[in-house]
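Reading through the structure tokens given below for one structure.
The values are calculated or read from the model by the stated rules, or taken from the named source; none is laboratory data. The structure displayed is predicted, hence computed values, not measured ones. Note that each Cβ is placed from the backbone with ideal geometry, even for glycine, and that neighbours are counted across all protein chains shown. Side chains included, ligands, DNA and RNA excluded: accessible areas come from the protein's heavy atoms. Shrake-Rupley method; radii C 1.70, N 1.55, O 1.52, S 1.80 Å.
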Amino acid sequence: MVETSITEVLKDMAFRSGADFVGIVDPSCFENSEYTGNKPQDVMTDLQSVIILGVSIPRGAFDTLPRGRAEYTNTLMAGTATLRIIAFQIARFIEKKGYKATIAPSEGSEFGYWYADRKTLKADFSFKYAAYHAGLGNFGMNHLLITKDFGPKVRMTAILTDAPLDGDKNTQLPFINDACSACMKCIKICPAGAITAEGVIHREKCAEYMFNVLGGLRCGLCIKVCPLDRF
Ligand code: SF4
Ligand code: SF4
């Protein structure tokens, strides 16, 4: 039975706490043959719903790149911290309703610890794929989620729960954003050559650049140049 009232309350709670977007998806989308990543069902075997929460990142953090890499990285982490607080409130609300909930990490690595696999750089599951199926956006050539209002200038986190929430649907967005074919700016600017015109991303090159060349600071140039936001 669909728990619509819980869904409505937790979405309202997310927006009132500062989220800019929220979507809920049935985890069966991770069974699609096109999806090759890890599955959240391996983390929570009785998973019923994946909740995606996102915040936009202030424009100044991008405008000041590349000199402002420290500020950019710190601003991203502030977004992560904000999402953690929002997600924690929602997870506790879900548990008060008699279900269980756990919060997936927003970062691949943090505090010297790697949440993602060190070799493949794959996390426990793709937030972006879940967000696409919840109708929150589609993919850019930079392999990031392109949201309608904020383009790729967002941060996301996810909550896994056994609560059977009322899921959102993809609103017929194409998998790759239509604007990419006439743009390709992210490919041209990438200092690591990590993004190709064929649609492949070499995550290891991106990670090598950020961790070994930038000393752990984030790069963000492929997000900075993306014109797909409404600002
Ligand atoms: S963050 Fe930087 S290195 Fe990584 S893909 Fe984007 S532009 Fe390339
Ligand atoms: S910079 Fe251009 S090609 Fe890259 S994701 Fe944005 S719109 Fe697509």
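Numerical summary
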{"item": "Check on F30, part of a helix (DSSP H, G or I) and within 23 Å of G137 (Cβ to Cβ)", "result": "yes"}
{"item": "Helices (runs of 4 or more DSSP H) enclosed by the stretch 113-231 - at least 3 residues per element that are within 16 Å of ligand 2 (Cβ to nearest atom) and at pLDDT 95 or above", "result": "127-133, 185-189, 221-224"}
{"item": "Residue list for the stretch 33-90, restricted to those being part of a loop (DSSP other than H, G, I, E, B), out of contact with any Gly (no Cβ under 7 Å at 6 or more places or on another chain), farther than 22 Å from E8 by Cα and hydrophobic (A, V, I, L, M, F, W, C)", "result": "V43, M44"}
{"item": "Answer from T36, T73, T64 - the residue that is open to solvent by 10 Å² or more (accessible area, probe 1.4 Å), among the polar types (S, T, N, Q) and touching a residue at least 40 places away in the same chain (Cβ under 8 Å)", "result": "T73"}
{"item": "Filter result for the condition that a residue is touching a residue at least 12 places away in the same chain (Cβ under 8 Å), more than 10 Å from ligand 1 (Cβ to nearest atom) and within 18 Å of the chain's Cα centre (by Cα), over I223, I176", "result": "I176"}
{"item": "Residue check, K100 open to solvent by 60 Å² or more (accessible area, probe 1.4 Å), under 25 Å from V22 (Cβ atoms) and at pLDDT below 95", "result": "no"}
{"item": "Some residue of the stretch 40-56 being modelled with pLDDT under 95 and more than 16 Å from the chain's Cα centre (by Cα)", "result": "no"}
{"item": "All positions within the stretch 197-231 that are open to solvent by less than 40 Å² (accessible area, probe 1.4 Å), under 23 Å from A131 (Cα atoms) and of a type outside the set (A, V, I, L, M, F, W, C)", "result": "G199, R218, G220, D229"}
{"item": "The lone exception for T161 - which of (1) in contact with a Lys or Arg (Cβ under 9 Å, 6 or more places away or on another chain); (2) polar (S, T, N, Q); (3) without any contact (Cβ under 8 Å) to a residue 12 or more places away in the chain it fails", "result": "(3)"}
